Amino acid sequence: MEDSPKKKSPGKTRKKKTKETSKLKKIFIVTSLTVFLLCVSAGFIGAGFIYFHFSKDLPDVRKLKDHQPSTITQVYSASDEKIAEFYIEKRIITALEDIPLPLKQATLAVEDSNFYYHFGIDPKAIFRAFITNMKAGHVVEGGSTITQQLTKTMFLSRERTLPRKIKEAILAVRLELVFSKDEILEMYLNQIYYGHGTYGVEAASRTYFGKSVKDLTIAECAMIASLPKAPNNYSPYRNPERARKRRNHVIRRMAEVSFITPEQAKLSMVEDFHLGEVEKMLNKAPYFVEHIRRILEEKFGSSKLYRAGLKVYTTLDMNMQETAQRAIKENLLVADKRYGYRGPLGTVDISQGEIAVQNAMIRQNSFAEEKGIKIGSTISGTVMSVGDTQAWVILGEEDGYIDIKDMDWAREPNPNLDGRWVKIKHPNEALTAGDLISVKVLGRRQDGSGWSLALEQEPEVEGALISLAPLTGQVKAMIGGYDFYKSQFNRAVQAIRQPGSAFKPIIYAAAINEGYGPSNIIIDSPIIFKEKEDAFDKWKPVNFEEKFYGPTSLREALAHSRNVVTVKLMQNIGIKSTIRLARSLGITSNLEENLSIALGSSGTTLYELTSAYSAFANLGNLIKPTAIRNIKNRSGEVLFTAVPEITKPLSPGTAHIITSLMQSVVKNGTATKVRALKRPVAGKTGTTNNYVDAWFMGYTPELVTGVWVGKDKDEPLGRNETGSRAAIPIWLKFMQEALANEPVTNFPVPDDIQFLKVQTESGEPAKFNDTDSNFEIFLQDFLPEKEKPFFTQEREEIF
């Protein structure tokens, strides 16, 4: 019988199974560990590959240590009032400690609540954003940290691609290794775009709320912090309701992360917006500021001008500038009316009834309607009917009347008529029912029937004014036209216009240098020039009055602007000596070498001529005009300081004699209106052929001011629109206000001047008992002798 097999012990079987299980576990652990290590190694290798692949061309974040963000160039007046800004990016750099805590907290709450705990990237935020976006089916939440946002702004494009995100993460980590958290946050709050052209929180605060960032409430801080995600979409100006929801989301996030209490959050969410007006680029003196801009661009280049945060301290007196602007505007409106009425702005169909016309005018005058019609404002209106003595005009919801006395200037334009005297007598000579017109609001009518109005029109006549301090050469006021925003052409420095008789003092100064005196006599009589080199075939100069006055002293000739005497005087002293003096006085424009320049036929700029006159006011010293005192960089280092450029084209005595001669222009010549200034003043009018240009150049010991009036197209201003009529009113109004608080001073008399009594008619030294005599001034080196003065018979001379 075969032996039956032996049965294995259960204990031995269990031991064997345990050993096998243990062996399998070891194998599994080893295998898992091997796989893990391989995966980690592969991950590191992959990460290393990605890092090195995408790091090749990345910028060095350490360069941010020397980074100077684009900031505002600021322009200041003589009293250090800010008058203008230049910028590409409106940014005002602010230290982190000057930014209020609620704004920093609001930014962290909505943009990166773990900012102070991550190393540049936040995996938790990335995962959260991934889940949220997967659920939504599109991108609704970003996982970028503040550090990543900063690197994107400073170094990368705005494209949404995986390679760009990888580069952003690498740069963010590097940034965290180089800069502290506070440094990163400060850069972010000064760099990010907040809408409406503003960069950084300080500029944003001033734009949206009209105040410094340090004065913001919690709600306002939340408003600012809500903007970087989508500045245009969340602008409280464009989308107030959307902006409110976004702001309140930020406030709730602040409460969730315990930056503020629930009570603070509740109060902040019901706070109304208190927005300021969106600021345009600051510019309180546009023509002057444009002059400064050109100087800066030439000196530093456009990039530095708009990005370097310069501080430019100018010579401008803002009170004088505002006075000059008013004087120009008010008097150009008056001068333009003397030329006549150019017609309505358009026509309105009044057949649809008053309601339709009212609605049309409400749309036309939307700005005026919002703030209410104000006395002194100029708005549009529609003529509804024209009567014998007045016209009825609808302005919108309100209406008014124009009486004939407030529109009698509105004749048809005609340069051959004198607008001062030619008036219309009936409203229908100018207006027709349905005309769309401009009107000035004068006030309420006494009978309560609406507004009292005056017919207005935008002037075609232009003007310019420059005022200098002769003792320093500093520009105190500069106006280059009626309205900078309609024409940026600066007629004060860019327009080359014929100066007419305003050029004559330069010729008389050249004559004084040659030994002439105020009492020298020249015959005012007909003269014809036929020589070819004069470039005028049979040129016969005439006086403004078209008659001749016989023996005339130089004083009388300049006072009454005698053309013939001036031409003869220049013929005697020579054209070249006059041009040499003009050049030394700062006239750089082209001067023709012929006798016609005696009458101001060669063009010059108001800037040049005003500068030349400043030498007369400053005893022969010419200080080159300057508009800038100094320039500093953003760190406060001085880049430029104005150093006076002084020359001496005239002796003190010659300058004083010219001043004395021009005092006679004011006392009893062509500028007697200027006596209303009631202080010592010297000046000269200028009027060109056909009344195309009108000038007045005048000065006191403290201030020299030049005024030009004309049209850009070189068209006549109208009959008798002389320097006296068109330019003096502007000059006088400006000087009366500019010098209102200044003491009255006399022109100083230099040592090389001597007073001598002369005979009135002959100009010879007077005897003790001569009754027809007067005191005259002379240079000590050129005292008159008892001999026949320069004198020719009264006859027609041919040269």
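The values are calculated or read from the model by the stated rules, or taken from the named source; none is laboratory data. What you see is a predicted model, and the numbers here were worked out from it, not measured in a lab. When we count neighbours, we look across all protein chains shown, and the Cβ atoms used for this are built from the backbone with ideal geometry, even at glycine. These accessible areas exclude ligands, DNA and RNA; they are computed on the full protein's heavy atoms, side chains included. Shrake-Rupley method; radii C 1.70, N 1.55, O 1.52, S 1.80 Å.
Condition first: within 19 Å of Asn689 (Cα to Cα), open to solvent by 10 Å² or more (accessible area, probe 1.4 Å) and not in a loop (DSSP other than H, G, I, E, B). Can you find one or more residues in the stretch 569-586 that meet it? Checking the stretch 569-586: not a single residue is within 19 Å of Asn689 (Cα to Cα), open to solvent by 10 Å² or more (accessible area, probe 1.4 Å) and not in a loop (DSSP other than H, G, I, E, B).
Looking only at the stretch 657-675, decide whether some residue is aliphatic (A, V, I, L, M), modelled with pLDDT of 95 or more, open to solvent by less than 40 Å² (accessible area, probe 1.4 Å) and over 23 Å from Asn746 (Cβ atoms). Scanning the stretch 657-675, I find no residue that is aliphatic (A, V, I, L, M), modelled with pLDDT of 95 or more, open to solvent by less than 40 Å² (accessible area, probe 1.4 Å) and over 23 Å from Asn746 (Cβ atoms), so the answer is no. Scanning the stretch 349-372 for residues that are surrounded by fewer than 17 Cβ atoms within 10 Å (Cβ to Cβ) and either assigned to a loop (DSSP other than H, G, I, E, B) or touching a Lys or Arg at 6+ places or on another chain (Cβ under 9 Å) (or both) yields Asp349, Gly353, Gly372. In the stretch 587-602, which residues are part of a loop (DSSP other than H, G, I, E, B) and either touching a helix residue (DSSP H, G or I) at 6+ places or on another chain (Cβ under 7 Å) or farther than 19 Å from Asn563 by Cβ (or both)? Listed by number, the residues that qualify are Ile587, Thr588, Ser589, Asn590, Leu591, Glu593, Asn594, Gly600.
Exactly one residue among Phe755, Phe778, Phe747, Phe734 is aromatic (Phe, Trp, Tyr), at pLDDT 85 or above and touching a Gly at 6+ places or on another chain (Cβ under 8 Å), and that residue is Phe778. Considering only residues in the stretch 431-456 that are assigned to a loop (DSSP other than H, G, I, E, B) and in contact with a Pro (Cβ under 9 Å, 6 or more places away or on another chain), the one that is surrounded by the most Cβ atoms within 10 Å (Cβ to Cβ) turns out to be Leu431.
Determine if the stretch 375-384 includes at least one residue that is surrounded by fewer than 19 Cβ atoms within 10 Å (Cβ to Cβ) and assigned to a strand (DSSP E or B). Yes. Scanning the stretch 554-568 for residues that are within 40 Å of the chain's Cα centre (by Cα) and either surrounded by fewer than 24 Cβ atoms within 10 Å (Cβ to Cβ) or part of a helix (DSSP H, G or I) (or both) yields Leu558, Ala559, His560, Asn563. Only residues that are open to solvent by 40 Å² or more (accessible area, probe 1.4 Å) and at pLDDT below 95: list them for the stretch 393-404, please. Passing the criteria: Glu397, Glu398, Asp399. Contact map, the stretch 240-266: residues that are touching a residue at least 40 places away in the same chain (Cβ under 8 Å) and under 16 Å from Leu103 (Cβ atoms) paired with residues that are outside any helix (DSSP H, G or I) and among the hydroxyl-bearing types (Ser, Thr, Tyr), Cβ distance under 6 Å, separation 6+ or inter-chain. Pairs shown: Val250/Ser226; Val257/Ser113. Here are some conditions: (1) closer than 25 Å to Ile507 by Cβ; (2) open to solvent by 10 Å² or more (accessible area, probe 1.4 Å); (3) of a type outside the set (S, T, N, Q). Pro716 meets all but one. Which one does it not meet? That leaves (1) as the condition not met.
Within the stretch 761-774, the set of residues being surrounded by 15 or more Cβ atoms within 10 Å (Cβ to Cβ) and in contact (Cβ under 8 Å) with a residue 24 or more places away in the chain comprises Ser762, Gly763, Glu764. Only a single criterion out of (1) farther than 24 Å from Gly636 by Cα; (2) in contact with a Phe, Trp or Tyr (Cβ under 6 Å, 6 or more places away or on another chain); (3) hydrophobic (A, V, I, L, M, F, W, C) is not satisfied by Leu345, namely (2).
Within the stretch 704-727, track down each residue that is in a loop (DSSP other than H, G, I, E, B) and touching a helix residue (DSSP H, G or I) at 6+ places or on another chain (Cβ under 8 Å). Result: Pro716, Leu717, Gly718, Arg719, Asn720, Glu721, Thr722. Please go through the stretch 675-703 and give me each residue that is over 28 Å from the mean Cα position of the chain (by Cα), part of a strand (DSSP E or B) and under 16 Å from Gly500 (Cα atoms), ordered by number. Residues satisfying the conditions are Gly683, Lys684, Thr685, Gly686, Thr687. Count of the stretch 652-678 residues, restricted to those that are over 21 Å from Glu776 (Cα atoms) and out of contact with any helix residue (DSSP H, G or I) (no Cβ under 8 Å at 6 or more places or on another chain), is 1.
When you scan the stretch 303-348, how many residues do you find that are farther than 22 Å from Val704 by Cβ, in a helix (DSSP H, G or I), among the hydrophobic types (A, V, I, L, M, F, W, C) and within 20 Å of the chain's Cα centre (by Cα)? Going through the stretch 303-348 one residue at a time, the tally reaches 1.
Among the conditions (1) open to solvent by less than 10 Å² (accessible area, probe 1.4 Å); (2) farther than 26 Å from Leu703 by Cα; (3) of a type outside the set (A, V, I, L, M, F, W, C); (4) in contact with a Leu (Cβ under 9 Å, 6 or more places away or on another chain), Ser467 misses just one, which is (2).
Within the stretch 184-222, being open to solvent by 50 Å² or more (accessible area, probe 1.4 Å), part of a helix (DSSP H, G or I) and either on the phi > 0 side of the Ramachandran plot or touching a residue at least 40 places away in the same chain (Cβ under 8 Å) (or both) holds for Glu186, Arg206, Lys214.
In this structure, Val749 qualifies as touching a helix residue (DSSP H, G or I) at 6+ places or on another chain (Cβ under 8 Å), more than 19 Å from Leu609 (Cβ to Cβ) and among the β-branched types (Val, Ile, Thr). Here is a check on your reading of the model: is Ala454 under 30 Å from Glu764 (Cβ atoms), in contact with a Leu (Cβ under 6 Å, 6 or more places away or on another chain) and hydrophobic (A, V, I, L, M, F, W, C)? The answer is no for Ala454. Apart from one condition, Leu175 fits all of (1) out of contact with any Ser or Thr (no Cβ under 6 Å at 6 or more places or on another chain); (2) over 21 Å from Arg91 (Cα atoms); (3) modelled with pLDDT under 80; (4) of a type outside the set (Phe, Trp, Tyr); the exception is (1).
Could you go through the stretch 735-746 and let me know if any residue there is touching a Pro at 6+ places or on another chain (Cβ under 6 Å), over 15 Å from Asp336 (Cβ atoms) and open to solvent by 20 Å² or more (accessible area, probe 1.4 Å). Yes, that holds for at least one residue. Only one of the numbered conditions (1) in contact with a Leu (Cβ under 9 Å, 6 or more places away or on another chain); (2) open to solvent by less than 10 Å² (accessible area, probe 1.4 Å); (3) not small (Gly, Ala, Ser) is not met by Asp524, and that is (1). Is there a residue in the stretch 156-170 that is at pLDDT 75 or above, assigned to a helix (DSSP H, G or I) and under 19 Å from Leu189 (Cα atoms)? Looking for residues that are at pLDDT 75 or above, assigned to a helix (DSSP H, G or I) and under 19 Å from Leu189 (Cα atoms), one finds none in the stretch 156-170, hence no.
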